[in-house]
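Since the structure comes first, as structure tokens, the remarks are kept for the end.
The values are calculated or read from the model by the stated rules, or taken from the named source; none is laboratory data. Computed from a predicted model, the values in this text were never measured in an experiment. Positions of Cβ are backbone-derived with ideal geometry, glycine not excepted, and every protein chain shown enters the neighbour counts. For accessibility, only protein heavy atoms count, side chains too; no ligands or nucleic acids. Shrake-Rupley method; radii C 1.70, N 1.55, O 1.52, S 1.80 Å.
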Amino acid sequence: MKHFLYIKDIPASDLKKILLDAKKRKSKRKKLFTLEPDKDNPLKGQLLVQMFEKSSTRTRLSFYIAIRQLGGGTLTLRSNELHLAKGESLADTAKILSTYGNAFMLRTDNDKKLEEFKKNINIPIINGLSPSSHPTQVLSDVFTIQEIKKKPISKLLICWIGDANNNVINSLIEASVKFSFKLNIGCPKKYEPKKDLLNWVKKNKGKIRIFNDIRKAATGSDVVFTDKVVSMNDKINKTKKLKDFKKFKVNSKVMSFAKKDAIFLHCLPRGSEVSSKVFLGKQSKVWQQALNRVNVQKSILLYCFGKLR
């Protein structure tokens, strides 16, 4: 039994095995319907319990389809519907989930809850998003980049434009170390990554450069990423933050600084941080990026169940 909580805690060799399995499984599904199980039916009869404390579109849909394609089923819960919201302890809830389910996916508003569930649960737990991490999203993004570029991500320059202190960029930074790729970050000075994460990167010989100039960050990049400036976790003055990022919008001019064949990615939902011309343009691969969540999460589930080929 293995958990999938933070990319930094998972061996690079295991992450690469997950992506290789996802590639093989995706290629074998070309003639199958959405809910038709894979031929080997590896998780037949298994139940994935999902719990959402935050709103979700792509994570909810992709995990539902992923477990179904592996031959299993899913039950979706909201914490406010459980006795957990009425005073039952998290430890007792974890034990009940272990009794009924075979794996647990949690999308939470508190990182400490992940650790508490991990301590008390007897089945694999997957982080579907927490305030500090979005590992399933970012591993899927690595898959998408390699699929489109047809080369290892270690040979590419990735650029992130926007808030460099949210869950997606945290996981992308961790991935940059695990997959050994160059990562440029473009953001205002006061929105740079946290020092403890940067110290971890330095300790592990990561290849990260931080710019407070959007042009310098994007120049020569193979992939341009961004995310909503005001995320679900923000409890700040939204008007002020949007003003702070006025010069960090991904538009056609910014994309012109990147390589001619550069692609644009966004984990969604989008906001004012990207122009419609870029988001809906030829360089944008956001729909392929979103659909690949299914393919990679299938292999993450198999990894957690100890059935990765």
Legend entry - Odd one out for K240 among (1) open to solvent by less than 40 Å² (accessible area, probe 1.4 Å); (2) more than 23 Å from V142 (Cα to Cα): (1)
Legend entry - Boolean, N184 is under 18 Å from T226 (Cβ atoms), open to solvent by 20 Å² or more (accessible area, probe 1.4 Å) and among the polar types (S, T, N, Q): no
Legend entry - Criterion violated by T99 - all others in (1) of a type in the set (S, T, Y); (2) open to solvent by less than 30 Å² (accessible area, probe 1.4 Å); (3) over 18 Å from K54 (Cα atoms) satisfied: (2)
Legend entry - Matching residues in the stretch 229-251 - criterion: being part of a loop (DSSP other than H, G, I, E, B), out of contact with any Cys (no Cβ under 9 Å at 6 or more places or on another chain) and within 21 Å of C267 (Cβ to Cβ): V229, V230, S231, M232, N233, D234, K235, I236, K249, N251
Inset, instruction - Please find, within the stretch 18-35, the residue that is most open to solvent (accessible area, probe 1.4 Å) out of those that are among the aliphatic types (A, V, I, L, M) and part of a helix (DSSP H, G or I). - result: L20
Inset, instruction - Can you confirm whether the stretch 167-180 contains a residue that is surrounded by 24 or more Cβ atoms within 10 Å (Cβ to Cβ) and in contact with a Ser or Thr (Cβ under 7 Å, 6 or more places away or on another chain)? - result: yes
Inset, instruction - Would you check which residues across the stretch 192-228 are open to solvent by 50 Å² or more (accessible area, probe 1.4 Å) and either in contact with a Phe, Trp or Tyr (Cβ under 6 Å, 6 or more places away or on another chain) or of a type in the set (V, I, T) (or both) and list them? - result: I210, R215, T219
Legend entry - Complete set of residues in the stretch 169-196 that are part of a helix (DSSP H, G or I) and hydrophobic (A, V, I, L, M, F, W, C): I169, L172, I173, A175, V177
Inset, instruction - Determine if the stretch 267-289 includes at least one residue that is under 23 Å from the mean Cα position of the chain (by Cα), part of a helix (DSSP H, G or I), among the aliphatic types (A, V, I, L, M) and under 30 Å from L32 (Cβ atoms). - result: yes
